[in-house]
Amino acid sequence: MTVRVRFAPSPTGYLHIGSARTALFNWLYARARGGKFLLRVEDTDLQRSTEESTRSILEGLAWLGISDYDEEIVFQSRNADEHRAAALRLVREGKAYRDFTPKGERSDANVKQEIAERARTAASEGADHRANPYRDVPLEESERRAEAGEPFAVRLKVSPEGQTRFVDAVYGEQERAHSEIEDLVLLRSGDLSPLYNLSVVVDDIGMGITHVIRGQDHLTNTHKQVLIYEALGATVPTFAHLPLILAPNKAKLSKRKHGEVVSLTTYRDRGFVPAAFRNYLALLGWSPGEENKELMSLEELVGLFSLEGVHRSNAVFNFSDTDPRHWTDQKALWMNAEYIRTMPLEELLPMVRSELESAGLWRAEYEGARAEWFGRTVELIRQRFITLKDFSGQGRAYFADDFEYDPAAVAKNLKKDSALRELLPGLAERIEAVAPWTLENTEKALRDFAEEKGVKAGLLINASRTALTGQSVGPSMFEVFDAVGRAAAARRLRAAAELV
Ligand code: GLU
């Protein structure tokens, strides 16, 4: 049997990182099992679904590198006729019934509440709670009333006895007594628009889905869906529900409460490397067992992924609302830094290019006459960077003269010793005279100058770092001299004397 899975987002907003994780797990499972990965846009809520949301979901999946859907994208709203036909077939087969309760008198919500109440009383009294007067109307009468134009809803006839059962690939054996499930509405009264559980099941059958992998918040719907599969005489797929992703205080993560941190595009916009974020998402609720690995290439993830490795306990997304350095999960930031530091340089360079472009720092020569310099400089500075934004932020001094000085660095490295006011222009002269321009010669020039002036080389090294880059930390200083270049280095040393 070929594995067929689908990601089925509702395009009613942004792509939540939990949904992105669901998409990724489906993708990984399909690729690990040589199966098909399909996308179904569940756009049946016409009021809330927007094209813009669909576009942003598609963009998010493309950014994550998992948009190689194996078949045409399915738009659920286009299948409404099939959903309706399936429900009406169940009516003809006596597995569902028309409910002619006038709409004005009892809205769906009222009916639901009433039935739930009746179920509660009945459960306590041990009586059959399915007292809907239309449940047992003979089919001929039901057809006649429908033909005469009387409005109706369609409900599934849930047997009062017994229970639904399925084995979830993550959460194990699941069971629910029928007495706890109402005769669920399949088609709404009036326009006969299909309801969510019906649409999902009919589409999953139509698309030949073998494994339904989705968030744990759908676990309770699954019992109802199993009843619909059974009524339709279809094979029930394997279900695998994924643990929730919670905020640090264990609340459900939502954009309303937690803001941009839950939206996938935030990570793209804030300088994440797609592969790094994908790697991070893969570990939200899954681990590769024995191996206990964290940094995994896509091939490794595919090789190691299995539903057995999915956790039952909810994942916690650790971030702080108040500390900007901790704006998202520390592990995500750490992982991004690892990717930036270790990924093949030729894969990183185009990302740095777009970052510099959007900051107005890109120059064509970085891919022409200065390509070698550009590669070397990125290699040098990437070691300490956390996001791609750092290339235009902390790293700005490598690409422009108008960078900012970190006030703490100025206080620590420039203002600390007033002698620097004279020393820095002197050092600038020595730097200008270095010949040939090599790391060793620059280092020698600086150390000789320190010795002549009777100061520690460290004083000049730290001051130079802040003078040349505005920062107090960074790569080896002689490499920085080289990257910034002789003329700019001398100019910046002189300018920094003014800050002392
Ligand atoms: N459209 C549903 C959601 O976005 C998913 C339904 C499913 O995966 O079965 O939560």
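Only the coordinates and a few stated rules stand behind these numbers; no lab work does. All of these numbers come straight from a predicted model, not from anything done at the bench. For neighbour counting, all protein chains shown are included, and Cβ atoms are generated from backbone atoms with ideal geometry for every residue, glycine included.
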| Charge dipole (debye, nearest 20) of the chain; +1 at Cβ of Lys and Arg, -1 at Cβ of Asp and Glu | 900
| message | Nothing charged except the Cβ atoms of Lys and Arg (+1) and of Asp and Glu (-1): what's the magnitude of the dipole of segment 310-426 about its Cα centre? Round to the nearest 20 debye. | response | 380
| query | How big is the antiparallel share of DSSP beta bridges in the chain, given as a percent to the nearest 5? | reply | 50
| Rounded tilt (10° steps) of 371-381 against the dominant C-alpha axis of the chain | 80
| field | Inter-label distance for residue 178 and residue 417, nm, one decimal - labels placed 7 Å from Cα along Cα-to-Cβ | value | 8.7
| said: Considering the Cα positions of the chain, please state its Rg to one decimal place and its Dmax as a whole number of Å. | reply: 31.7, 109
| query | Using modelled amide H (1.01 Å from N, peptide plane; none on Pro or chain starts), what sits under 5 Å from the amide H of residue 163, excluding residues fewer than 5 places away? | reply | 178
| note | If unit charges are put on Cβ atoms (+1 for Lys and Arg, -1 for Asp and Glu) and the dipole of the chain is taken about its Cα centre, the option from 344, 485, 14 lying farthest towards the positive end turns out to be 485
| Efficiency of FRET from Cβ geometry, residue 47 and residue 145, R₀ 45 Å, rounded to 0.05 | 0.90
| Pulled fully out, how much extra length does the chain show between residue 298 and residue 246, if you take 0.36 nm times their separation in residues and subtract their Cα-Cα distance? | 16.2 nm
| Is segment 126-256 best put as rounded, prolate or oblate by its Cα gyration tensor, with a ≥ b ≥ c the root eigenvalues, rounded for a/c under 1.5, and otherwise prolate when a/b is larger than b/c, oblate when not? | prolate
| Counting other C-beta atoms within 10 Å, which of 295, 281 has the fewest, and how do the rest follow? | 295, 281
| message | Can you compute the FRET efficiency between residue 188 and residue 384 using 1/(1 + (r/R0)^6), with r the Cβ-Cβ distance and R0 = 51 Å? Round to the nearest 0.05. | response | 0.30
| field | Separation of alpha-carbon centers, segment 368-409 and segment 1-72, rounded to whole Å | value | 36
| said: I need 71, 498 ordered by Cβ neighbour count within 10 Å, fewest first. | reply: 498, 71
| ³J(HN,Hα) computed for each position of segment 208-217 - Karplus, 6.51 cos²θ - 1.76 cosθ + 1.60, integer Hz, glycine/proline x | x, 5, 9, 9, 9, 10, 7, x, 4, 5
| note | Expected unfolding gain across residue 306-residue 265 under the 0.36 nm per residue rule, minus the alpha-carbon gap, is 12.1 nm
| note | For segment 316-332, in residue order, the Karplus 3J(HN,Hα) values (coefficients 6.51, -1.76, 1.60; θ = phi - 60°; whole Hz; Gly and Pro = x) are 10, 9, 8, 9, 10, 6, 10, 9, x, 6, 10, 5, 9, 3, 4, 5, 5
| said: Around residue 449, under 10 Å between beta carbons, what's the net of Lys plus Arg minus Asp minus Glu among the other residues? | reply: 0
| said: Placing +1 on the Cβ of each Lys and Arg and -1 on the Cβ of each Asp and Glu in the chain, which of 94, 226, 471 has its Cα farthest towards the positive end of the resulting dipole? | reply: 471
| Which residue, chosen from 152, 179, 209, occupies the Cα position most advanced towards the positive end of the dipole of segment 125-245, where the dipole is computed from +1 (Lys, Arg) and -1 (Asp, Glu) charges on Cβ about the Cα centre? | 209
| field | Loop trypsin sites (Lys or Arg not before Pro), segment 452-500 (other Cβ atoms within 10 Å of the site Cβ: 15 or fewer; DSSP) | value | 456
| field | Residues whose placed amide H lies under 5 Å from that of residue 286, excluding near-sequence neighbours | value | 311
| query | Quick one: if you stick a label point 7 Å off each Cα along the C-beta vector at residue 334 and residue 453, how many nm between them? | reply | 4.1
| field | Radius 12 Å from Cβ of residue 53, net charge of other residues (Lys, Arg +1; Asp, Glu -1) | value | -4
| remark: Scoring only Lys, Arg, Asp and Glu (+1, +1, -1, -1) among other residues with Cβ under 11 Å from the Cβ of residue 142 yields -2
| Hey, got the dipole for segment 185-304? About the Cα centre, +1 on K and R Cβ, -1 on D and E Cβ, debye to the nearest 20? | 620
| request: Please work out the Cα center distance from segment 237-304 to segment 334-356, rounded to the nearest Å. | output: 20
| query | Residue-wise, which Karplus ³J(HN,Hα) couplings in Hz belong to segment 14-25, taking 6.51 cos²θ - 1.76 cosθ + 1.60, θ = phi - 60°, and x for glycine or proline? | reply | 6, 8, 5, 4, x, 5, 4, 5, 4, 4, 4, 5
| task | Show that you can apply the helix-only estimate: for the chain, add -39,500 (n - 2.57) for every DSSP H stretch of four or more residues, divide by all residues, and state [θ] at 222 nm to the nearest 500. | result | -14000 deg cm²/dmol
| request: Give, as ranges by residue number, the residues of segment 336-366 whose backbone N falls under 18 Å from the point 7 Å along Cα→Cβ of residue 62. | output: 351, 354-355
| task | Report, in whole Å, the centroid distance computed from the Cα atoms of segment 461-489 and segment 188-230. | result | 61
